[in-house]
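Structure first, commentary second.
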Amino acid sequence: MKILVTGGAGFIGSNFIHYWLAKHPLDKIVNLDALTYAANPESLQDLESNPNYQFVKGNILDWDLVDKLVSDCDLIVHFAAESHVDRSISDSAAFIQTNVEGTRVLLEAAKRHGLKRFHHVSTDEVFGALDFDSPKFSEITPYDPRSPYSASKAASDHLVRAYYHTYGLPVTISNCSNNYGPYQHPEKLIPHFITNLLNDQPVTIYGEGKNIRDWIYVDDHNRGLELIISQGKIGETYCLGGDSERDNLSLTKDILRLMGQSEDRIEYVADRLGHDLRYAIDFSKANRQLNFQPQVSWEEGLARTIKWYQDNPSWWRSLRS
């Protein structure tokens, strides 16, 4: 099988490529990435000599390039997206262009060339926010995005579904909780805190640190994607979660403890605009239909992640600067 991965130089995409080629060494992967600030080609340096891996620098908005690449592939796994909430609050234009129009370009090419599968990687943020005691998000939760980022992802989800219902395009969608692990840009919460501490800087928490997220180790996410691609039903959506809810203050204290730092490194700052209180994923459908279950515990995953950033300062230092 030949797979076109969009955004494969980003965090989850690069981990997916490593994961997939390790599990499916006979498959071929073409990685299309525009190499924006959030991407890092160094994440895939070890694959440059692999004959089954090809990198193409380009934008998913480039119709001619996308059409050419899709014409020679069996499957699209679509990661490419603008994804940082704070940046979407400052300027939403790039989020609409990449996340909505870019997805449309890919869908049109997939329809034109009759691909076997189009898998769209989305987020739990499209469902809005939960109260402390609300039931977790699931595949039947109504959409209620709260930021320009989540609104653009919600629009792309709807577009993917529309191409299934209107044109019969063989699609699947996954909505996943917060990922963490190697190769994540240090603007994101966990690597930001880890690299701050490695640079002898404080860690800053929005508000009182009560906001809750459901965390999943990135390769547990990729294991879920593998199950959806190989066994998922066409036209279906699957929610993937880590069964690991943590409020931001508890998360921060866990990082400090594992790095041997004291809690006086914490600084509290004004809360983010429209900061969603809680996200949590009910992945019982994926468990029931695909036998999906996270395998990496929070403690183990966080320890692995800290060690990776400790061992790879050359990867993240230039990104922070």
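Normalised by residue count, region 61-137 yields a Cα convex hull volume of 100 Å³ per residue. Projected over all directions and averaged, the alpha-carbon convex hull of region 249-321 occupies 7.8 nm².
What the Kirkwood sum gives for region 180-321 is a hydrodynamic radius of 16.4 Å, with every pair of different alpha carbons counted. Per-residue packing, averaged as other Cβ atoms within 10 Å, sorts the ranges 47-59, 281-293 into the order 281-293, 47-59, beginning with the highest.
Pairs Lys57/Lys153; Lys57/Lys210; Lys136/Lys233; Lys111/Lys153; Lys2/Lys285; Lys57/Lys136: which are spaced more than 32 Å apart, C-alpha to C-alpha?
Values: Lys57/Lys153 23 Å; Lys57/Lys210 40 Å; Lys136/Lys233 23 Å; Lys111/Lys153 20 Å; Lys2/Lys285 28 Å; Lys57/Lys136 38 Å.
Pairs exceeding 32 Å: Lys57/Lys210; Lys57/Lys136.
Taking the inverse of the mean reciprocal distance over all distinct Cα pairs, the Kirkwood hydrodynamic radius of region 137-177 comes to 11.2 Å. Summing Cβ point charges (Lys, Arg +1; Asp, Glu -1) relative to the Cα centre of the chain gives a dipole of roughly 700 debye.
Where a Cα-Cα gap under 25 Å defines reach, which lysines qualify for Lys307, not counting those fewer than 8 residues away within the same chain? Straight-distance partners of Lys307: Lys23, Lys188, Lys253. Translational diffusion of region 147-263 was estimated from the Stokes-Einstein equation, with Rh taken as the Kirkwood radius over Cα pairs; at 4 °C and 1.567 mPa s the coefficient is 79 µm²/s.
For region 90-119, backbone nitrogen atoms closer than 12 Å to the point 7 Å from Asp67 Cα along Cα-to-C-beta are found at 108-110, 112-113.
Amide H contacts of Val171 (H built 1.01 Å from N, in plane; Pro and chain starts excluded): Phe118, Gly235 sit under 5 Å, all sequence-distant by 5 or more or on other chains.
Report Rg/Rh for the chain, rounded to two decimals, where Rg is the Cα radius of gyration and Rh the Kirkwood radius. Spell out each step's value before the answer.
Details: Rg = 18.9 Å, Rh = 19.9 Å.
Reported Rg/Rh (Cα atoms, Kirkwood Rh): 0.95.
Taking Cα atoms only, the orientation of helix 298-311 departs from the longest principal axis of the chain by about 90 degrees. With the helix formula -39500 (n - 2.57) applied to DSSP H stretches of n ≥ 4, the chain reaches a computed 222 nm mean residue ellipticity of -12000 deg cm²/dmol. One Cα centroid belongs to region 217-288, the other to region 72-132; the line between them spans 19 Å. Structural descriptor for the chain: relative contact order 18 percent, calculated from alpha carbon pairs under 8 angstrom and at least 6 residues apart. In this Cβ point-charge picture (+1 for Lys and Arg, -1 for Asp and Glu), region 209-321 has a dipole of about 180 debye about its Cα centre.
Each peptide in 313-320, 175-182 was scored by the mean count of other Cβ atoms within 10 Å over its residues; highest first, the order is 175-182, 313-320.
Where Rh denotes the Kirkwood radius from the mean inverse Cα pair distance, what is Rg over Rh for region 1-77? Intermediate values should be presented prior to the final figure.
Numbers: Rg = 11.5 Å, Rh = 12.3 Å.
Rounded to two decimals, Rg over Rh is 0.93.
Can you give the convex hull volume of the alpha carbon atoms of region 1-136 per residue, in Å³?
Details: hull volume 18.2 nm³, N = 136.
Value for region 1-136: 134 Å³ per residue.
Read the figures in this text as sums done on the coordinates, not as results from a lab. Being a predicted model, the structure only gives us computed values, none of them experimental. Backbone-built Cβ (ideal geometry, glycine too); neighbour counts: all protein chains shown.
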